[in-house]
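Take a look at the structure below.
The values are calculated or read from the model by the stated rules, or taken from the named source; none is laboratory data. Keep in mind it's a predicted model, so treat the numbers as computed, not measured. So basically every Cβ, Gly included, is an ideal-geometry build from the backbone, and we count neighbours across all protein chains shown. Calculation scope for accessible area: heavy atoms of the full protein, side chains included, ligands and nucleic acids excluded. Shrake-Rupley method; radii C 1.70, N 1.55, O 1.52, S 1.80 Å.
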Amino acid sequence: MAEDLDVVIIGAGISGINTAQRIQTQLPGLSYAILDARASMGGTWDLFRYPGIRSDSDLYTFGFPWDPWDAPNSIADGPSIVRYMEKAAAKYGIQNKIRYHHKVISADWSSSQQRWILTMDDSKVASVAKQIKGRFLVIGTGYYDYNEPLQTVIPGIETFRGTRVHPQFWPQDLEFSNKRVAVIGSGATAVTLIPALAETASRVTMIQRSPGYIMPMPREDRFANLVRRIFPGWIAHRLVRWKFMLLSFLLFHWCRAYPQAARRLIAKVAVKELPASIPLSPHFTPAYNPWEQRLCACPDGDFFKALRDGKAAVVTGHIKTVTPNAVVMEDGTEVEADILVTATGLKMQMFGGIALSVDGQPLGDLAKKVVWRGQMLQDLPNLCMVFGYTNASWTLGAETSAQFVCRLLKFMRRRGFSSAVPTVPEKDLSMKRSPMMNLNSTYILKARDSLPSAGNKAPWLPKVNYFRDLFNALWAPLDGLVFTKNPL
Ligand SMILES: Cc1cc2nc3c(=O)[nH]c(=O)nc-3n(C[C@H](O)[C@H](O)[C@H](O)COP(=O)(O)OP(=O)(O)OC[C@H]3O[C@@H](n4cnc5c(N)ncnc54)[C@H](O)[C@@H]3O)c2cc1C
């Protein structure tokens, strides 16, 4: 007999653990478990182990709202984030609810049972339950494929005789001291890796087809540390969180409203940070406007410092070919390398690759579906996908979804409803669609045709603004959801 739970959460990352804390605190009588394919918690922060791995966001908003980040640094490295998550989960006994090695491969909603029936891959670990049932399913599987990175075509790369690495699968024994390293890519991963590698490598070169925006940011926030000296813990935590929430909100909207002014400001900062030998153009003049793609932060300007110290360099242009020991650019520039890092991005994946169906009927083309308030999928009963923000700390978005799940579960319990299905009314079926993620980063653009979309009117609008989304999660009418009573 499959175990029967009230709520099943898939994913023991930031999203899953935050939802678990909210559910067990607000709905203490419900039974729940977190299923995760991996052997430990942390998700992204456990998987990525490349040198220098750290957050881009401040931990006051990236950390859980219910467990204040209390270290003096606002930006943290990967291992510290995992330790913080483990400690926070232990405080609430959440770690006992996690079932590791539980890779969910399919989830079928059974209308007759009013439950999700989850099937696990039990081929590798004998103790794994083959099936688990749940009345409500929370998907906190993140947004990318854990097993396969984004594939890009780099001519001649197979001829390279040195070591080739993708940051998603960084070999822990890779020796890069006194080696020449070429990093292909210009996103957050490349910007993080370069100063870390430059500490001991003989030379690190960032090879970018097109530049991104990079902004220095203090590793420790003076306001946060001052406030924490003056006020007691919880008050200080709230003040600092609000500062960072408002700051990122205002920065994003200012960049979107005044892109030329934002461009000028970021360029001015970069010119101040760059050594005279590296010109702003073409290396730091992106083709897109600020915040059309995620803005990269570099703590205490470490990326620029590596350039100033002459330990790192930037090459901008198209790669002609890779030879056994170098990357050759179309303009003839040759970057010799012992190690080639392809920091070319993540492969997006919805629902952790789980095959979803309703009464045995596969969900079908995801691109044809619309997302209800950024968290429930058209026609799927009792399922919430937890997606964070790309224009602010992920956790803020995960929190609005967790709050919504609790509200919905309480509402259904009060009214005796057994299912809630987002249903697009006939008159809105032809509404204008827009991408559910409002950035045009390469990995998002490449996946657009396989992602569900948002609509152009409530409640189908995308989730992009913490303040509005939290209001909606807690108080907005539940229009668009069709409820059924089936007291099974
Ligand atoms: C290198 C890197 C740096 C980042 N830095 C930031 C940052 O500074 N700020 C920010 O806001 N965001 C950042 N992000 C985005 C980041 O992914 C989120 O911030 C956040 O950690 C995602 O949490 P999550 O719990 O939603 O998903 P994840 O952390 O991806 O966790 C998903 C979990 O689900 C499990 N899972 C997946 N599929 C299945 C399945 N089929 N069955 C069972 N379990 C499954 C995985 O094993 C994993 O444990 C970064 C992302 C990356 C890759």
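Among Ala326, Ala398, which is the only one that is away from the ligand (no atom under 16 Å from the Cβ), open to solvent by less than 20 Å² (accessible area, probe 1.4 Å), at pLDDT 95 or above and small (Gly, Ala, Ser)?
Details: Ala398 fails: away from the ligand (no atom under 16 Å from the Cβ).
Criteria check complete, one pass: Ala326.
Kindly indicate whether any position in the stretch 140-149 is more than 15 Å from the ligand (Cβ to nearest atom) and either polar (S, T, N, Q) or buried (at least 16 other Cβ atoms within 10 Å of the Cβ) (or both).
First, pick out the residues of the stretch 140-149 that are more than 15 Å from the ligand (Cβ to nearest atom): none.
Taking every residue of the stretch 140-149 in turn, none turns out to be more than 15 Å from the ligand (Cβ to nearest atom) and either polar (S, T, N, Q) or buried (at least 16 other Cβ atoms within 10 Å of the Cβ) (or both).
Which fully enclosed helices (runs of 4 or more DSSP H) of the stretch 1-80 have 2 or more residues being under 30 Å from Gln113 (Cα atoms), at pLDDT 95 or above and in the same structural domain as Leu383 (by TED's automatic domain parsing)? Don't jump to the end; show me each part of the working.
Numbers: elements: 14-26, 44-47, 59-62.
Correct list: 14-26.
For the stretch 150-192: of the residues being under 18 Å from the mean Cα position of the chain (by Cα) and among the hydrophobic types (A, V, I, L, M, F, W, C), which is nearest to the ligand (Cβ to nearest atom)?
Ala188
Here is a yes/no grid of residues against (1) in contact with a Gly (Cβ under 8 Å, 6 or more places away or on another chain); (2) surrounded by 20 or more Cβ atoms within 10 Å (Cβ to Cβ):
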position: Ser393; (1), (2): no, yes
position: Lys432; (1), (2): yes, no
position: Thr442; (1), (2): yes, no
position: Asp449; (1), (2): no, no
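In this structure, is Gln24 more than 27 Å from Tyr466 (Cα to Cα) and more than 9 Å from the ligand (Cβ to nearest atom)?
Details: more than 27 Å from Tyr466 (Cα to Cα): no; more than 9 Å from the ligand (Cβ to nearest atom): yes.
Answer is no for this residue.
For the stretch 150-173, which positions are over 28 Å from Gly11 (Cα atoms) and surrounded by 14 or more Cβ atoms within 10 Å (Cβ to Cβ)?
Selection gives Ile154, Gly156, Ile157, Phe160, Gly162, Thr163, Arg164.
For the stretch 45-61, name all the residues that are on the phi < 0 side of the Ramachandran plot and out of contact with any Phe, Trp or Tyr (no Cβ under 7 Å at 6 or more places or on another chain). Let's see the steps before the verdict.
To start, the set of residues in the stretch 45-61 that are on the phi < 0 side of the Ramachandran plot comprises 45-51, 53-61.
Answer for the stretch 45-61, where residues must be on the phi < 0 side of the Ramachandran plot and out of contact with any Phe, Trp or Tyr (no Cβ under 7 Å at 6 or more places or on another chain): Trp45, Asp46, Phe48, Pro51, Ile53, Arg54, Asp56, Ser57.
Pick from Asp6, Asp36: which is open to solvent by 10 Å² or more (accessible area, probe 1.4 Å), within 13 Å of the ligand (Cβ to nearest atom) and closer than 30 Å to Met412 by Cβ? Steps first, answer last, please.
Values: Asp6 fails: within 13 Å of the ligand (Cβ to nearest atom).
None of the other options fit; the residue is Asp36.
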